[in-house]
Amino acid sequence: MKKVAMVARPIRKAEFGEPIPVTIDDMLSEISNQGPAIPAVMDSVQPQLEALDPTLFTSNSHFYITGCGDSYFAGLAARYAFARYAGLPTDAQEALEFGRYAAEFVPPDSLVFGISNSGKATRSVEALVNARLGGAHTVAITGNPDGWLAQEADTILDQSVRLAGELIGMPSNLDTNPDDSKPRRGSFGLVNYLASLTTLYLIAFQTGVARGRLSESEANALRAELRSTADLIAETVEVCTPAAQAYAEQVKEIDTYTILGSGPSLATSLFYAAKTYELPRVYGVSQELEEWAHEQFFLTGPGTQVLFIAPQGRSETRVQELLHTTRTMGGTGVVITDQGNKRLTEAADVTLPVAGAVSEALSPLVYCVPGQLFATYLAKSRGRLAFEFDSPLQYEMNMRTIQESQLIEFHPTRS
């Protein structure tokens, strides 16, 4: 039986400045201007992928994606794109689960993508360290190519987002034409999530070409669709803002929301839930679509808010059925779907519309927008900034808990 020795590294001291409050106007500006991150990342990351030895994608037959928070959600969202376009079922795992439990057992022909835009998240670094110790080839997907995550990886993909030379990730702002005479606004880092998603989709397409699953023309068509989501984000902000604002005002006294998704939209539901914690500080409970019918159904009644993330695709008919169930039990059924999807909009009490039509596989890029808008307007309705720490202690503990944690290595030993 394989044995390992656990070795604890010295804890690295975290370096962080003062928090920058993110106002409602800051957040709305960031949401409106995040779309350009997608083509910017594509123009930067695609040449990096083409410069890699293609055997990296052909000689490894087990792919894993790992990270924390939004980085983990991006992996969950993109995993089916790897299966569909690269022909490789891909496992997305949260960084602690992967680093301390799964990494030890990965097959030798494994490729592990670790995501941390800051490059400072201890658990994400730990996951790559232990994947490498387990015999895998490791790839850091990061916005900090000189950071800790990159230092521990075999290969680096730099997804830092720049427009006209201006870094638009945290703590920079998202103005495409910033005025240096004005103080820099706070940023919530929404582009980091889009950057991670974009990078992962590009890897899936490139792997598909390398493995003969996609022709170059098919891959280029997918890249064109990926690029087009930038415009759909802007259009979705326009069509969804009035509905998100009205719904947030309607439910401003409610503290709990159930958010449902399946397939790629399960990740989107987790993303929505995270924004409800971080912005208005309410409890958004993410759940897989079918599991709600077996579990939270028993808590559904008058006043219950159930949000269904429903791009046109394989779960659409089940969403329609469960919207009927929600409303029959007296709950409020809220659907997030393409604005032209009458089947679902007519079945719901409230619709948060998405502009245009995007394939289900790429839908997380656009479908994140209604959740961002709702969380922001709910914070406004509840009298909060879009994002603020409740105390200096909360800020310090948040930074230290994520960045100053003990890293444990698992070294294989002879039995």
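The values are calculated or read from the model by the stated rules, or taken from the named source; none is laboratory data. Treat the numbers as computed from the prediction; the structure is a model and nothing was measured. Quick reminder, even Gly has a Cβ in these numbers, built from the backbone with ideal geometry, and neighbours come from all protein chains shown. Surface accessibility is based on the protein's heavy atoms, side chains included, excluding ligands, DNA and RNA. Shrake-Rupley method; radii C 1.70, N 1.55, O 1.52, S 1.80 Å.
Among the residues that make up region 348-358, is at least one of them of a type in the set (A, V, I, L, M, F, W, C), within 25 Å of the chain's Cα centre (by Cα), within 30 Å of E97 (Cα to Cα) and buried (at least 16 other Cβ atoms within 10 Å of the Cβ)? Checking region 348-358: not a single residue is of a type in the set (A, V, I, L, M, F, W, C), within 25 Å of the chain's Cα centre (by Cα), within 30 Å of E97 (Cα to Cα) and buried (at least 16 other Cβ atoms within 10 Å of the Cβ).
Quick check: anything in region 381-403 touching an Asp or Glu at 6+ places or on another chain (Cβ under 6 Å) and small (G, A, S)? Yes - at least one qualifying residue is present in region 381-403. Of the residues that make up region 304-312, is at least one open to solvent by 10 Å² or more (accessible area, probe 1.4 Å) and over 20 Å from F374 (Cα atoms)? Yes, that holds for at least one residue.
Kindly establish whether P280 is closer than 21 Å to E235 by Cβ, modelled with pLDDT of 95 or more, open to solvent by less than 10 Å² (accessible area, probe 1.4 Å) and in a loop (DSSP other than H, G, I, E, B). In short, no.
All of E316, E396 fail the test of being among the acidic types (D, E), open to solvent by 10 Å² or more (accessible area, probe 1.4 Å) and touching a helix residue (DSSP H, G or I) at 6+ places or on another chain (Cβ under 9 Å), apart from E316. Report yes if R79 is touching a strand residue (DSSP E or B) at 6+ places or on another chain (Cβ under 6 Å), of a type in the set (K, R) and assigned to a helix (DSSP H, G or I), otherwise no. Answer is yes for this residue. Among the residues of region 140-192, the one identified as farther than 21 Å from I115 by Cβ and either among the β-branched types (V, I, T) or modelled with pLDDT of 95 or more (or both) is T176.
Out of the residues in region 373-389 that are of a type outside the set (K, R), touching a residue at least 24 places away in the same chain (Cβ under 8 Å) and outside any helix (DSSP H, G or I), state the one that is least open to solvent (accessible area, probe 1.4 Å). For region 373-389, the residue satisfying everything is A386.
For the condition over 23 Å from K252 (Cα atoms) and modelled with pLDDT under 95, Q339 qualifies.
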